Amino acid sequence: MNPQMTLIIYILSGATLGSLMLLSGIPAAPLLGSILAAGFLSISGQFEPAQWPLGTKTLLGIGVGTVIGTGINKETLSELQTLWKPAILITITLIFTGLVVGFLVVRFFGIDPLIALLGSAPGGTLGMSLVGAELGVGAAVAAIHAFRLIAVLLITPALVKYIAPIVNAN
């Protein structure tokens, strides 16, 4: 099958399951559904890996960054006046924890330190995968972050729903 048709099949499968997942009520369901559909399709071996046209990932990264950036407004900045201290603490803690986990993964599992450190770094799948790609380990970093993202999207909302009433009661 030609690469363009294969890419269209991947896109349609991601769009289909992403759209169907809207019915699930899971937060970020379209993202999760599209990752699962494209991932399972790729793993199945029925199709060649998708061949994205040159620059597509960069354009998608720009698009995602723009969507996120447009969510930053005057209200966001006013919230940061009270949230900047927790934001700094969270950021430092996540970076430090990512480094510690990365070093532990290298020590106990013997994987490439670059993959371990980038794979355990806080950040989005796309961003860290692009950094990994520039350093020659993009696929491995993407795999770790995709697994993490899927697990976080499935587990965290349920935990938050369960824990939030307990925290509010105290």
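The table below gives the values:
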quantity: Hits in the range 113-141 (condition: outside any helix (DSSP H, G or I) and either assigned by TED's automatic domain parsing to the domain that holds residue 39 or under 19 Å from residue 152 (Cβ atoms) (or both)); calculated: 121, 122, 123, 124
quantity: Yes/no for residue 156 being hydroxyl-bearing (Ser, Thr, Tyr) and modelled with pLDDT of 95 or more; calculated: no
quantity: Pairs where the first residue, in the range 42-56, is assigned by TED's automatic domain parsing to the domain that holds residue 9 and within 16 Å of residue 12 (Cβ to Cβ) and the second is in a loop (DSSP other than H, G, I, E, B) and not hydrophobic (A, V, I, L, M, F, W, C), C-beta under 9 Å, 6+ apart; calculated: 42/49
quantity: Residue match in the range 94-114 (condition: of a type in the set (Val, Ile, Thr) and closer than 22 Å to residue 27 by Cα); calculated: no
quantity: Residues (hydrophobic (A, V, I, L, M, F, W, C), closer than 19 Å to residue 156 by Cα and not in a loop (DSSP other than H, G, I, E, B)) located in the range 22-41; calculated: 22, 23, 29, 31, 32, 35, 36
quantity: Count - residues of the range 42-69 that are assigned to a helix (DSSP H, G or I) and closer than 22 Å to residue 2 by Cα; calculated: 5
quantity: The listed residue being assigned by TED's automatic domain parsing to the domain that holds residue 139 and either among the polar types (S, T, N, Q) or touching a residue at least 12 places away in the same chain (Cβ under 8 Å) (or both), out of 78, 13, 34; calculated: 78
quantity: Selection status of residue 131, free of Cβ contacts under 8 Å to residues at least 24 places away in the same chain, closer than 23 Å to residue 60 by Cβ and surrounded by 12 or more Cβ atoms within 10 Å (Cβ to Cβ); calculated: yes
quantity: Tally of residues being in a helix (DSSP H, G or I) and surrounded by 12 or more Cβ atoms within 10 Å (Cβ to Cβ) across the range 94-112; calculated: 11
quantity: Criterion: assigned to a helix (DSSP H, G or I), loosely packed, with under 10 Cβ neighbours inside 10 Å and modelled with pLDDT under 85 - qualifying residue of 150, 166; calculated: 166
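The values are calculated or read from the model by the stated rules, or taken from the named source; none is laboratory data. Since the model is a prediction, treat every value here as computed from it, not as a measurement. Note that we place each Cβ from the backbone using ideal geometry, even for glycine, and neighbour counts take in every protein chain shown.
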